[in-house]
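First comes the structure, then the notes that go with it.
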Amino acid sequence: MNLHSPIVRIETQLLTQKEIELYLKRDDLIHPLVSGNKHRKLKYNLSKLNPDDRPTIVTFGGAFSNHLHATAAACQAMKFACVGFVRGEIDIENPTLKYCISAGMELIPMSRSDYRLKEIAPEVAKIISTYNNPIIVPEGGTNQAALLGVSELIDELQGTRCENVDYITLACGTGGTTAGLLTSNRLMAKVIAFSALKSDHLIHEIKALSSCKNEDKLIVNTDYHFGGYAKWDQTLLDFITDFEKETSVPLDQVYNGKALYGLMDLIANDYFPKGTKIMHIHTGGLQGKAGLAYIMSK
């Protein structure tokens, strides 16, 4: 099912001053539990499966993983058994993992050394073999089926006010969402991917995933990771608070908060000429806000 997300214009004092048009594609509103890029990535990974084959979805993620959360919700809705291998120990009070358990996902802790190998780690492979018809969905959901789902976002822009934007911007983790955009035959804008983690090789991974299609349109910015994956500081949290007050758009601290901080900083420093039209993709991940509250409470 295609669920087109709304596009809203963001108006702030900075944008008015710099004469920049900024729109948000609110993929966070696609679904209350399977939202954002996770909905797009899981769409064809799961819809191609035959329920009569009784598949068991096997996937991987960290303790506060958006992907685990979304996969658990999608599998519950589709009545698929699912297993999540979690990097590190399992804290059942962690709101992300607590939800996964409530949705019926079986959680299995993994050592960090095994996690690097994932399904090819001998002990993990042995466990997976015990399940009925195991179907492996990679960490973050990134594979060729995911790229197809993401590429449809560009199709949704046809006939809208964002059909001819100069730039599309988004947060980037594994690179799958960015690669999916690049695979679209209709992509005309430049794409700026703001890396949420320290990475010198992310641009190469994105190009590999997208088979170098539209590589001339790709820009990877690694200046706004705030110390690395799943790290943040008070400056970022203050920005998120101010942005939410000014726009009424909620942001998470892992992905979209960092990306929009970076985008606004580039705008403030005249990276874009006056009259530039930008669309930022809100990739969801808002379940992470509960994780932040949990971490801070401890």
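When the helices (runs of 4 or more DSSP H) confined to segment 3-80 are screened for residues that are open to solvent by less than 20 Å² (accessible area, probe 1.4 Å), those reaching at least 3 such residues are found at 36-47, 66-78.
Assigned to a helix (DSSP H, G or I), touching a residue at least 40 places away in the same chain (Cβ under 8 Å), in contact with a strand residue (DSSP E or B) (Cβ under 7 Å, 6 or more places away or on another chain) and closer than 20 Å to HIS282 by Cα: which single residue out of THR169, THR178 fits that description?
Numbers: THR169 fails: assigned to a helix (DSSP H, G or I).
Among THR169, THR178, only THR178 is assigned to a helix (DSSP H, G or I), touching a residue at least 40 places away in the same chain (Cβ under 8 Å), in contact with a strand residue (DSSP E or B) (Cβ under 7 Å, 6 or more places away or on another chain) and closer than 20 Å to HIS282 by Cα.
Only residues that are over 19 Å from MET296 (Cβ atoms) and within 19 Å of the chain's Cα centre (by Cα) were counted across segment 201-247, and they come to 18. So, LYS98, is that one buried (at least 16 other Cβ atoms within 10 Å of the Cβ) and either assigned to a loop (DSSP other than H, G, I, E, B) or basic (Lys, Arg) (or both) or not? Answer is no for this residue.
Please determine, by comparing only the residues of segment 192-210 that are surrounded by 12 or more Cβ atoms within 10 Å (Cβ to Cβ) and assigned to a loop (DSSP other than H, G, I, E, B), which one is modelled with the lowest pLDDT. Give the derivation first.
Restricting attention to segment 192-210, the residues satisfying the condition of being surrounded by 12 or more Cβ atoms within 10 Å (Cβ to Cβ) are 192-199, 202-210.
So of that shortlist, the ones also assigned to a loop (DSSP other than H, G, I, E, B) come out as 196-199, 210.
Details: ALA196: 93, LEU197: 89, LYS198: 87, SER199: 84, SER210: 97.
The qualifying residue modelled with the lowest pLDDT is SER199.
Within segment 224-249, residues that are under 13 Å from LEU260 (Cβ atoms) sit with their Cβ atoms under 7 Å from residues that are surrounded by 17 or more Cβ atoms within 10 Å (Cβ to Cβ) and of a type in the set (Ser, Thr, Tyr), at 6+ positions apart or across chains, in these pairs: TYR224/TYR261; LEU236/TYR261; PHE239/TYR261. Can you find a residue in segment 259-278 that is in a helix (DSSP H, G or I) and closer than 20 Å to HIS31 by Cα? Looking for residues that are in a helix (DSSP H, G or I) and closer than 20 Å to HIS31 by Cα, one finds none in segment 259-278, hence no.
Is there any pair with a first residue in segment 1-30 that is at positive phi and a second that is of a type in the set (Val, Ile, Thr) whose Cβ atoms are under 9 Å apart and which are 6 or more apart or on different chains, and what are they? Close Cβ pairs (under 9 Å, with a partner that is of a type in the set (Val, Ile, Thr)) amount to GLU19/THR276.
The values are calculated or read from the model by the stated rules, or taken from the named source; none is laboratory data. Note that the coordinates shown come from a computational prediction; the quantities given were computed from them, not determined experimentally. For neighbour counting, all protein chains shown are included, and Cβ atoms are generated from backbone atoms with ideal geometry for every residue, glycine included. Please note that ligands, DNA and RNA were not included when accessible areas were found on the heavy atoms of the full protein model with its side chains. Shrake-Rupley method; radii C 1.70, N 1.55, O 1.52, S 1.80 Å.
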